[in-house]
Every structure is written in C-alpha cells, then in structure tokens.
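Shown next, in structure tokens, is the structure this report addresses.
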Amino acid sequence: MPRYLFQVSYTADGIRGLLKEGGSSRRAMVADLAGKMGGSIESFYYAFGDDDVYVIAEVPDHETAAAISFAVSASGAATFKTVVLLTPEEIDAATKKSVGYRPPGA
C-alpha cells in the first residue's frame, strides 16, 4: 500500500479548533479517517516551523490521498501538502527501467 507524508499547516480557525479539542483528539480523528479510507497512520507529530503537523500514512492509492487532501483543504482549517514516499525497493525497480532520455545538446 502506498505511503504518503502529509504536511499540514493550521489556519487561525484550525488553531482555535486545536486549542478547543487538544492534540491527541486530532491524532485520533486522523487515525479514524485513515482507517475509514482503508489505510492507517504510521506516525503523527506536531512540529515548530512552516508546518504544524507531519503524518506518515498508508492509504490504498493516489486517488484516496487526493480525496483526503481535498477534504482537509476545503475545510479552511488547514493547508495541506502531500508527498508520495517510495521504498528502497521501489527505487531499485526504478533504476532498472530504461527511459531513453537525451539531455539537451547531447
């Protein structure tokens, strides 16, 4: 099952909700959401910096990851970035594929 890194930044409304509900309740909600979508979360962390939350999750496919991203973004409580994560074995398979790329001027 594909893994994704979800990077979440709360808006002012999202921070107000977080202050009201607390951090662990949001983690539980994300775990429940992933489960209902046929996946699971591997890790969930709050952070200082540009992003407020980092989640590594497994969901069935890119369409599911996009649907989650759309739902969170449409709420207005947060902005959402999705990074597709690849295993070392997937990279091994990629290095064996012939692409036929020619750089400019070659």
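Values in this text are rule-based calculations from the coordinates and carry no lab data. Just so we're clear, the structure is a prediction, and the values are computed from it rather than from any experiment. Virtual Cβ from ideal backbone geometry, glycine too; neighbours counted across all protein chains shown.
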Can you sort V83, V30, V8 by how many other beta carbons sit within 10 Å, fewest first?
V83, V30, V8
Anchor K97: aspartates and glutamates whose Cα lies under 20 Å away (excluding residues fewer than 8 positions away in-chain)
E89
Can you list residues whose amide H is under 5 Å from L85's amide H, if they're 5+ apart or on another chain and H is modeled 1.01 Å from N?
R3, Y4, L5
Only helical DSSP H runs with n ≥ 4 go in: add -39500 (n - 2.57) per run for the chain, normalise by residue count and round the 222 nm mean residue ellipticity to 500 deg cm²/dmol.
-13500 deg cm²/dmol
Order of I56, I68, I91, I41 under a 10 Å beta carbon neighbour criterion, fewest first
I91, I56, I41, I68
Two pseudo-spin positions, 7 Å from Cα along C-beta at A93 and at A67, lie apart in nanometres by 2.3 nm
List, in order, the whole-Hz ³J(HN,Hα) value for each residue of region 40-54 obtained from phi through the Karplus relation with A = 6.51, B = -1.76, C = 1.60 and θ = phi - 60°; use x for Gly and Pro.
7, 9, 8, 8, 8, 9, 8, 8, 7, x, 5, 10, 8, 9, 10
Please report Y45, Y101 as a ranked list, fewest other C-beta atoms within 10 angstrom at the top and most at the bottom.
Y101, Y45
Can you work out the FRET efficiency for the pair Y101 and M1, with r the C-beta to C-beta distance and R0 = 30 Å, to the nearest 0.05?
0.50
Specify the angular offset, from 0 to 90 degrees and rounded to the nearest 10, of the alpha carbon long axis of helix 62-75 from the longest principal axis of the alpha carbons in the chain.
30 degrees
In nanometres, what is the gap between the two model label sites at E42 and I15, each 7 Å from Cα along Cα-to-Cβ?
3.1 nm
